[in-house]
Structure formats: C-alpha cells, structure tokens
1. Here are some conditions: (1) more than 19 Å from A55 (Cα to Cα); (2) surrounded by 15 or more Cβ atoms within 10 Å (Cβ to Cβ). V93 meets all but one. Which one does it not meet?
2. For segment 37-52, name all the residues that are part of a helix (DSSP H, G or I) and of a type outside the set (G, A, S).
3. Suppose the filter is surrounded by fewer than 17 Cβ atoms within 10 Å (Cβ to Cβ) and closer than 24 Å to E37 by Cβ; does P129 pass it?
4. Do we find that A9 is at pLDDT 95 or above and out of contact with any helix residue (DSSP H, G or I) (no Cβ under 8 Å at 6 or more places or on another chain) in this structure?
5. Which residues, counting only those in segment 96-113, are in contact with a strand residue (DSSP E or B) (Cβ under 7 Å, 6 or more places away or on another chain), basic (K, R) and either at positive phi or not in a helix (DSSP H, G or I) (or both)?
6. Would you check which residues across segment 53-73 are in contact (Cβ under 8 Å) with a residue 24 or more places away in the chain, surrounded by fewer than 20 Cβ atoms within 10 Å (Cβ to Cβ) and assigned to a helix (DSSP H, G or I) and list them?
7. Of all residues in segment 131-165, how many are outside any helix (DSSP H, G or I), under 13 Å from T117 (Cα atoms) and out of contact with any strand residue (DSSP E or B) (no Cβ under 7 Å at 6 or more places or on another chain)?
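The values are calculated or read from the model by the stated rules, or taken from the named source; none is laboratory data. Predicted model, so just to flag it, every value in this text is computed and none were measured. Note that each Cβ is placed from the backbone with ideal geometry, even for glycine, and that neighbours are counted across all protein chains shown.
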Amino acid sequence: MLSLLLLAACGGDAVSAPPPTPSPSVPPEALRTQWVERSDVELDAALKAACERAAARDALVLLEFSAEWCIDCKVVSRMKPTLARELANWEWVTANVGRFDRHAALREAFAVGGIVTWVALEPSDCAAPVPAWPRKRAGLLEPASGSGPKTPRDLEAWLREARGA
C-alpha cells in the first residue's frame with residue numbers, strides 16, 4: 001500500500017499485476033458443513049438445489065453418506081482438497097448419517113450398508129424423489145479400514161469413471 005501511495009505521489013502510474021488464475025478448490029464452507037445435521041426435509045432441499053445447479057451446468061450430483069465419528073470419513077475428507085479439480089465437476093452433498101440414526105429412508109433407498117458411501121446421480125428430473133434419479137455409480141469407500149479406493153488418485157479415478165470421463 002505504501003509503495004502505491006509513493007508511486008501516486010511521484011506522478012507514476014501503478015501497474016497492477018493480473019490477478020492469479022484461481023485453481024479449482026473444494027470450497028472451505030463445503031468442508032466445514034459436510035457433517036452438519038440436517039432433517040430429512042433439509043437434506044432433500046439441499047439435494048434438489050444441487051440437482052438444479054448440476055443440471056444447469058451439465059454436471060452430476062455426488063451424494064456422500066458420512067459421519068464425523070467415522071475414521072474412513074475423516075480420511076476421505078482430508079483427501080478432498082487434493083481432489084478439488086475433479087470435485088469441481090460435481091455438485092456434492094453430504095448426508096450426515098449420525099450413528100446410523102438419521103436419513104433411514106434415503107440410506108435404505110440407496111442400500112447404504114456402511115460409510116463412506118458415495119452415490120453419483122444424474123440430474124434429469126429434479127422434482128422427482130431423489131431415489132428415482134438415475135444412478136451412474138455407487139460404492140463403499142473405506143480407505144482406512146479396508147475396501148475401496150485408498151488414495152486421492154483412486155478416488156479421482158472413481159469420480160472420473162462415474163462421470164464417464
């Protein structure tokens with residue numbers, strides 16, 4: 001700031017560098033709010049809004065079943081900033097299942113037997129019930145405890161395959 005004032009006082013023109021090109025990132029609010037407790041109605045509204053945003057930009061919806069106590073969920077969460085470029089192609093919504101005492105109907109509809117479970121959904125009719133949306137891929141991801149993708153590269157491949165890229 002001082003250099004700009006000195007430059008202006010001397011009659012010079014300030015030459016500003018072009019702003020850096022932003023790189024895709026996982027929005028910090030997405031990570032902060034991923035385990036927010038929502039009612040079924042609130043989660044449905046978040047999913048419908050994500051569906052509308054996804055449809056507007058020809059993207060998919062990533063529905064993540066997760067919980068803050070879950071070690072695998074924490075491992076996947078720590079990988080998300082590394083996945084930012086790929087996650088920019090998605091509208092991502094987390095269903096915090098608590099101790100499997102939340103969102104029972106949605107968990108049942110998607111046959112969620114464990115967490116972290118990801119479901120890739122195609123937005124076609126956002127007014128339809130979420131379980132009726134076309135599914136591109138679903139899977140249990142347990143990088144810390146055994147099955148599924150283990151590294152950010154594995155998760156990126158899972159996401160790319162789900163979107164057919």
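1. With (1) more than 19 Å from A55 (Cα to Cα); (2) surrounded by 15 or more Cβ atoms within 10 Å (Cβ to Cβ) applied to V93, the lone miss is (1).
2. Step one: list which residues in segment 37-52 are part of a helix (DSSP H, G or I), which gives 40-52.
Listed by number, the residues that qualify are D40, V41, E42, L43, D44, L47, K48, C51, E52.
3. Yes, satisfied.
4. Values: at pLDDT 95 or above: no; out of contact with any helix residue (DSSP H, G or I) (no Cβ under 8 Å at 6 or more places or on another chain): yes.
So A9 does not fit the description; no.
5. R102
6. Answer for segment 53-73, where residues must be in contact (Cβ under 8 Å) with a residue 24 or more places away in the chain, surrounded by fewer than 20 Cβ atoms within 10 Å (Cβ to Cβ) and assigned to a helix (DSSP H, G or I): R53, A55, I71.
7. The total comes to 3.
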